[in-house]
Amino acid sequence: MPLFSYQAIPLQGGRRQRGVQEAESKAQLVRVLRQQGLVPVAIEVAQGGQARRQRHRIRLKHQDQLEIARGLSNLVAAGIPLDQALGMLLDLAETESQQAALISWRDGLRDGKSLSEAIEQGDAEVSGFFVSMIRAGETGGSLDTALSRLADYQERSKALRDSVISALIYPAILLGVAVTSVIILLTFVVPQFKDLFDDMGAALPLPTQIVVAAGDFLIDWWWLLAIALAAGGWLLRRALRRPAFRERFDRRLLAIPLLGPLLTRLDISRFAYTLGTLLQNGVPLLEGMQIVADTVGNLAFRREINEASAQLREGGRLAGALGKSHFTRLSLQLMRIGEETGKLETMLDQVGHIYDEEVQARVKRLLALLEPALILGLGVLIAGIIMSILMAILAVNDLAM
């Protein structure tokens, strides 16, 4: 598509604007500029007359991928050509990232590429799972089915993630309110009693002295505490970018009581759903294992999947290759049954369903323990501060008598 440089003046008045934009012709660019409220005064073909697209790949969010996959599935199933289907989705796109992705994919199709090639080489960065599912659908001549399965998988994944996030909202609010209450007590309420005792020339009770010292530290050194927290967060994020440190960190997470089993089952569910969906769509097992490894967030878990892939290349079987990993006995047993019966993809889907439900149940149980623990712990802390204030009040009464 040709690349044009233009100069235009806003309809509402203002300084002349200059820019570069792709268009099929000068007439189309004029229409686009007028829709943007600009009056073109000069349009010229840019250097060489061909588009030199700056490849700033944007990351297409999970929700955007889901909406595009579901929309394409419905349109392709209805017999609408891909080029036209992408154009229809472009007219309905609600975000700039969706628009940029659809435009680049449509341009790729018009250049003679397949949809998977257009997506892989386009301006939007999507998961390898997304591309592989579409490529498998093209190879098997069932693109609409592949898109439908892709959308179904993403909906399940989104529902699981949303349920976990929703369950964590209340504890987060509770913790925030409690911390704010403690800060107000330490920085505004407790110092009033210190001034009162200073005026009377009496010493504060020891518990009150401790609380007052904590309040003074917070008042005088809050900026240092904020810097320390920010620096600690920055250092942790930087350290987590190093694969070796991140893998050790992730491995220790899996060893934490209550949290570790939950994270393990979450990754098992994601692994099983992803690999099962790929196998159902005709993707070979080894290729599917490579794609699945990239979708797993825990690097310790990812290493185990990569090691299992190496054993599969040497002629091993999936359940045996994962035998020394964090996979549970039940998941391995179901995969072994699937391999023996030739229905591995079906059993993987069953594993994903089982651990999807178990993750949600464990999250509920964990929150059932977390909420009372938060309430009790923060209640004891606030009660301790209040008791120190009451001790100070009683001491004042003794002095008055």
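The values are calculated or read from the model by the stated rules, or taken from the named source; none is laboratory data. Please read all numbers here as calculations on a predicted model, not as lab measurements. No Cβ is skipped: glycine too gets one built from the backbone with ideal geometry, and neighbour counts run over all protein chains shown.
Only helices (runs of 4 or more DSSP H) wholly contained in segment 237-352 count here; list those with 3 or more residues that are small (Gly, Ala, Ser), touching a residue at least 40 places away in the same chain (Cβ under 8 Å) and in the same structural domain as residue 370 (by TED's automatic domain parsing). Can you show your working first?
Details: elements: 243-254, 259-280, 285-295, 299-313, 318-321, 329-341.
The qualifying helices (runs of 4 or more DSSP H) are 259-280.
For segment 194-207, filtered to residues that are surrounded by 14 or more Cβ atoms within 10 Å (Cβ to Cβ) and over 26 Å from residue 226 (Cβ atoms), the residue that is modelled with the lowest pLDDT is 202. Among the criteria (1) of a type in the set (Asp, Glu); (2) closer than 19 Å to residue 352 by Cα; (3) more than 25 Å from the chain's Cα centre (by Cα), the one residue 307 does not fulfil is (2).
Being surrounded by 14 or more Cβ atoms within 10 Å (Cβ to Cβ), in contact with an Asp or Glu (Cβ under 9 Å, 6 or more places away or on another chain) and under 21 Å from residue 349 (Cβ atoms): is that true of residue 106 here? Show your work before the answer.
Details: surrounded by 14 or more Cβ atoms within 10 Å (Cβ to Cβ): yes; in contact with an Asp or Glu (Cβ under 9 Å, 6 or more places away or on another chain): yes; under 21 Å from residue 349 (Cβ atoms): no.
No.
Residues checked against (1) more than 19 Å from the chain's Cα centre (by Cα); (2) of a type outside the set (S, T, N, Q); (3) closer than 24 Å to residue 267 by Cβ:
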| residue | (1), (2), (3) |
| --- | --- |
| 107 | yes, yes, no |
| 117 | yes, yes, no |
| 138 | yes, yes, no |
| 157 | no, no, yes |
| 161 | no, yes, yes |
